[in-house]
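Undergrad: One structure, as C-alpha cells, below. Some questions next.
The values are calculated or read from the model by the stated rules, or taken from the named source; none is laboratory data. If you're wondering where the values come from, they're calculated on a predicted model, not measured in any experiment. Cβ: placed from backbone, ideal geometry, glycine included. Neighbour counts: every protein chain shown.
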Amino acid sequence: MSHAIQPARSPQPAIPPQRHLRPVEDLDRHFNKVAFDTSQPTDVAAPEPRVLQRLALYAFEALEGVRSVAQLAGWITPAVATALLERRAARTERRTLYRDSRRIVAIPGPVHIDRPAPHVIEATLALHASPRTLPVAMRLEHRDRRWRVTELVVL
C-alpha cells in the first residue's frame, strides 16, 4: 500500500466584504464633482500676469539646466514635472553633442489669458531669447484653493 503524504490544508480565510469599493458610475460622478465643484465660487481670481510670466521663465530656465525643476513643485503637477525633466535631459544631450555651452537669457513678453471654464486658465506668451523667440503655452486649473499648472509647453 502506498500512502502518499497529503499537504495539510489550511482553512480558507473568509473574504470580508469590500465596503470601500464603489461602482464606476459613482467614481465618475465624484471626479466630475471634484474637478468642477459648483459649490466653490465661480469667480476665482486668475493669477497676476507677472506670476504667469515668472512661471514660464522658470520653466524655461529649468529646461536649460539653470534652475531645478523642484523649485516649481508648488505650481506644477507631477506629470508636468516629469515632462520637464524628460525635455531637460533631451536638451542637455543635444547641447553636449554640439558642445554648446552658451547661457540663454530670456525676457518674457505680454501674457494672453483665456478662461474656457470657471476654474481653468489657458495662458500663452513669448519668451524673447536673442536671437530666437520661444512660444510658451500653459494650462492652469484651480483645485483645492490653489492654481496648478497641468499642461506646459515651451517650444
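Undergrad: From 58, 98, grab the single residue that is among the aromatic types (Phe, Trp, Tyr) and in contact with a Leu (Cβ under 7 Å, 6 or more places away or on another chain). Let's see the steps before the verdict.
TA: Values: 98 fails: in contact with a Leu (Cβ under 7 Å, 6 or more places away or on another chain).
Result: 58 is the single residue among 58, 98 that is among the aromatic types (Phe, Trp, Tyr) and in contact with a Leu (Cβ under 7 Å, 6 or more places away or on another chain).
Undergrad: Do you know which residues across the range 68-85 are outside any helix (DSSP H, G or I) and more than 12 Å from the chain's Cα centre (by Cα)? Give the derivation first.
TA: Applying the first criterion (outside any helix (DSSP H, G or I)) to the range 68-85 yields 68, 73-77.
Scanning the range 68-85 gives a single hit, 68.
Undergrad: Let me ask another. Restricting to the range 27-85, and then to whatever is among the aliphatic types (A, V, I, L, M) and either in contact with a His (Cβ under 7 Å, 6 or more places away or on another chain) or farther than 24 Å from residue 129 by Cα (or both), can you tell me which residue is modelled with the lowest pLDDT?
TA: Residues of the range 27-85 among the aliphatic types (A, V, I, L, M): 27, 34-35, 44-46, 51-52, 55-57, 59, 62-63, 66, 69-70, 72-73, 76, 79-81, 83-85.
Among the residues that remain, those that are also either in contact with a His (Cβ under 7 Å, 6 or more places away or on another chain) or farther than 24 Å from residue 129 by Cα (or both) are: 27, 34-35, 44-46, 73, 79.
Details: 27: 42, 34: 46, 35: 47, 44: 83, 45: 85, 46: 86, 73: 87, 79: 93.
Step by step, filter the range 27-85, then rank; the result is 27.
Undergrad: Just to be sure I understand, how many residues within the range 118-144 are without any contact (Cβ under 8 Å) to a residue 24 or more places away in the chain, within 16 Å of residue 62 (Cα to Cα) and within 15 Å of the chain's Cα centre (by Cα)?
TA: The total comes to 1.
Undergrad: While we're here: List every residue pair whose Cβ atoms sit under 9 Å apart, with the two residues 6 or more apart in sequence or on different chains, where the first one lies in the range 53-67 and is part of a helix (DSSP H, G or I) and the second, anywhere, is aromatic (Phe, Trp, Tyr).
TA: That search, which allows pairs on different chains as well, returns 55/75; 58/75.
Undergrad: Go through the range 124-142 and report how many residues are more than 18 Å from residue 88 (Cα to Cα) and surrounded by fewer than 16 Cβ atoms within 10 Å (Cβ to Cβ).
TA: Quick first cut of the range 124-142, residues more than 18 Å from residue 88 (Cα to Cα) only: 124-126, 128, 130-133, 139-142.
Next cut, surrounded by fewer than 16 Cβ atoms within 10 Å (Cβ to Cβ) only: 128, 130-133.
Number of matching residues: 5.
Undergrad: Of everything in the range 95-123, what is surrounded by 15 or more Cβ atoms within 10 Å (Cβ to Cβ), assigned to a strand (DSSP E or B) and either of a type in the set (D, E, K, R) or in contact with a helix residue (DSSP H, G or I) (Cβ under 7 Å, 6 or more places away or on another chain) (or both)? Give them in sequence order.
TA: Matches in the range 95-123: 108, 122, 123.
Undergrad: Here's a follow-up. Which of the residues that make up the range 102-155 are among the acidic types (Asp, Glu) and in contact with a Ser or Thr (Cβ under 6 Å, 6 or more places away or on another chain)?
TA: 141 - this is the single residue of the range 102-155 that is among the acidic types (Asp, Glu) and in contact with a Ser or Thr (Cβ under 6 Å, 6 or more places away or on another chain).
Undergrad: Now for a separate question. Give the residues of the range 124-155 that are in a strand (DSSP E or B), over 18 Å from residue 79 (Cβ atoms) and of a type in the set (A, V, I, L, M, F, W, C), sorted by residue number. Full working, then the answer.
TA: Just the residues of the range 124-155 that are in a strand (DSSP E or B), to begin with: 124-129, 132-143, 146-154.
From what's left, over 18 Å from residue 79 (Cβ atoms): 124-129, 132-135.
Scanning the range 124-155 gives 125, 126, 127, 129, 134.
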